[in-house]
Amino acid sequence: MRILVVNGSPKGKYSVTLQTLLFLEKKFAAHEFEYLHAGQQINALAKDFSKAEKALRDADLIIFSYPVYTCIATSQLHRFISLLKSSGLDISGKFAAQITTSKHFYDFTAHKYIEENCCGLGLKYIRGLSADMDDLTTEKGQKEAEEFMRYVLWCAENNIYEPAKDYSPAKRLPVTPVAENSEGKSGDVVIVADLSGEDKGLKDMISRFRSVSAYKTRIVNLADIPMKGGCLGCFSCAPKGECVYDDGFAVALKNEIHSADAIVYAFTIKDHSMGWLFKQYDDRQFCNGHRPVTKGKPVGYLIGGNYPEEANLKAIIEARSEVGGNFLAGVACDQTDPDGEIDNLARKLAYAIENKLSLPANFYGVGGMKVFRDMIWLMRGLMKADHKFYKKKGLYDFPQRKVGTLIKMYFAGAFFSNEKLKARIGMKAINEGMLMPYKKVIDKACEKKG
Ligand SMILES: Cc1cc2nc3c(=O)[nH]c(=O)nc-3n(C[C@H](O)[C@H](O)[C@H](O)COP(=O)(O)O)c2cc1C
């Protein structure tokens, strides 16, 4: 088979992920491997896509090889997919798969994004390999990579691939304008918007939000944020949080965006995602490492397009709020009731600001922070800025030193294993005993009220 590896890492031949492909090329010598360093050469490809077109046309199997960046693919690979789609090149019927390396933090949402786009391009998508950064250096990782490749080739030989999901086209409803009245408004809600698509629908959503917001709002257009390019994945920012680009992005992020009372993101869905420019903005925030620097700040979204059908994008948006410790006040889109959704978003956001609303994280947040915690602990020699922050904020919540709970659980274990004792005391008393600490809280609450 002619296998085209689309390397979405900005590091080109220095990509860690790519090493798995180079390993597989040696192991599967009967097949022909070609490499397109799409991530590194994205600016050149944006000017002239013909090199990519030829490589894609010649391939029987396309493997997307890339690192997971902020829950999804790199901004460079986003842009590549967008260029591919707008080129009009028909690559339907070819096989496609993907290989990523990451620390498994939201690797599944990245894989889903590529799967959705492969299916949209009419490619026969075979499930991917999500490896840890270090997997290839272990025998187990090498075996898994080989097994994966054998599986992919077997699927291709037998014409077996994943079923494609059909997405209905967005039915974008108009937004009713409301006259702006900024009198008496205070506070500061920043709207970070991707207005590059000249999308009137999105602009109208933003306008209505600004009018109905009880807080003062301002727009930061992504095109005006100083960004010389996408994140290069060089990790130079790890010790001190300083980016190799000298474009002032970090300062703008801190002073113009993170300084606000709340942040509202506005974009139109592109290729099942937020679009490459928005992704570039997200990736560049790696200068803040894995530190939830906006913790406690409510966020909201204004989204043009068929958001209700985009389950993966929903997961990414929710995950980012949960891990960041931001109350997600809502996502208003333009599919069913844009006016109502925008107005409710504005009200919920105002409520969250006024009441400093902070609710416990769900699995997305708790699980995500545990992955970060373990990773930063291990990499603390490099990720100095993260390590300092995690120490200061008490985010290293291991090993668990809850000695009281530990002893209680031993007692409970011994008790529950003793049928005679259980029968003598009875389930009613056991249940009541378990609820005693909660009952105390409730009794106290009543006392206070009274
Ligand atoms: C900007 C940036 C964002 C990242 N985001 C994630 C992430 O969301 N999840 C994860 O598990 N790893 C994340 N990583 C780690 C990379 O996925 C990992 O280092 C990968 O192995 C790099 O592969 P490459 O050398 O092929 O580019 C991120 C790294 C960078 C630089």
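Leaving out ligands, DNA and RNA, and with a 1.4 Å probe, what % of the accessible surface on the range 100-197 is carbon or sulfur? Carbon with sulfur: 52 percent of the solvent-accessible area. Each residue of the range 374-386 was assigned a 3J(HN,Hα) from its phi angle through the Karplus expression (A = 6.51, B = -1.76, C = 1.60, θ = phi - 60°), giving 5, 5, 5, 4, 6, 9, 4, x, 9, 8, 5, 5, 5 Hz with x at Gly and Pro. Here the accessible area of the range 324-374 is 57 percent carbon and sulfur, with a 1.4 angstrom probe and all protein chains present. Taking θ as phi - 60° and the Karplus parameters 6.51, -1.76 and 1.60, the scalar couplings of the range 97-102 work out to 8, 8, 10, 10, 10, 5 Hz in sequence order, x denoting glycine and proline. When both the range 232-310 and the range 84-154 are represented by their alpha-carbon centers, they are found 25 Å apart. For the pair Ala429 and Tyr396, the difference between a 0.36 nm per residue extended length and the Cα-Cα distance amounts to 8.2 nm. Taking the DSSP beta bridges with both ends in the chain, the antiparallel portion is around 5 percent.
Ordered by 1.4 Å accessible area with all protein chains kept, Met434, Met227 run largest first as Met434, Met227. For the pair Glu354 and Ala445, what calculated FRET efficiency results from E = 1/(1 + (r/R0)^6), where r is the Cβ-Cβ distance and R0 = 22 Å, to the nearest 0.05? My answer for the efficiency is 0.40. Computed in the context of the full set of protein chains, the accessible area of the range 403-449 at 1.4 Å probe radius has 69% of its extent on carbon or sulfur. A 1.4 Å probe run over the protein chains yields, for the range 14-123, 38 Å² of accessible area per residue, whole-number rounding.
The radius of gyration of the Cα set in the chain, together with its Dmax, comes out at 25.2, 81 angstrom. Report, in listed order, any pair from Lys171/Lys216; Lys85/Lys270; Lys314/Lys391; Lys85/Lys279 with a Cα-Cα distance greater than 22 Å. Exceeds cut-off: Lys171/Lys216; Lys314/Lys391. For the chain, adding -39500 (n - 2.57) for each run of n ≥ 4 DSSP H residues and dividing by the number of residues yields -13500 deg cm²/dmol at 222 nm.
Shape class for the range 351-449: oblate, because the ratio a/c of the largest to smallest gyration tensor axis (alpha-carbon atoms, square roots of eigenvalues) is 1.5 or more and b/c is at least a/b. Modelled label positions at Asp374 and Ala30, each set 7 Å beyond Cα in the direction of Cβ, lie 3.8 nm from each other. Overall, the anisotropy analysis places the range 403-449 in the oblate class: the square-rooted eigenvalues a ≥ b ≥ c of its C-alpha gyration tensor yield a/c not less than 1.5, with a/b not exceeding b/c. Under 5 Å from the amide H of Tyr265 lie the amide H atoms of Val192, Gly300, Tyr301, Leu302, each residue being 5 or more positions distant or on a separate chain, with H modelled from the backbone and absent for Pro and chain starts.
In the full protein context, the range 169-212 carries 56 Å² of accessible surface per residue, based on a 1.4 Å probe and ignoring ligands, DNA and RNA. Per residue, the range 290-394 exposes 47 Å² of accessible surface when a 1.4 Å probe is rolled over the protein heavy atoms with every protein chain present. For the range 216-225, 3J(HN,Hα) computed residue by residue from phi via the Karplus equation (6.51, -1.76, 1.60; θ = phi - 60°) reads 5, 10, 8, 9, 10, 7, 3, 5, 8, 7 Hz, glycine and proline entered as x.
The stretch between Ser168 and Lys54, if pulled fully straight at 0.36 nm per residue, gains 38.0 nm over its current Cα-Cα span.
Ordering Gly426, Met436, Phe415 by the projection of their Cα atoms onto the charge dipole of the range 403-449, which places +1 on the Cβ of Lys and Arg and -1 on the Cβ of Asp and Glu, puts Met436 at the extreme positive end. Put Val192, Val68, Val16 in order of accessible area, highest first, and with a 1.4 Å probe you get Val16, Val68, Val192. With all protein chains in place and ligands, DNA and RNA left out, the 1.4 Å accessible area ranks Tyr410, Tyr396 as Tyr410, Tyr396, largest first.
The values are calculated or read from the model by the stated rules, or taken from the named source; none is laboratory data. Bear in mind the structure is a predicted one, so any value in this text is a computation, not a measurement. All Cβ positions, even for glycine, are placed from backbone atoms using ideal geometry, and neighbour counts span all protein chains on display. Heads up: the accessible areas ignore ligands, DNA and RNA and are worked out on the full protein's heavy atoms, side chains in. Shrake-Rupley method; radii C 1.70, N 1.55, O 1.52, S 1.80 Å.
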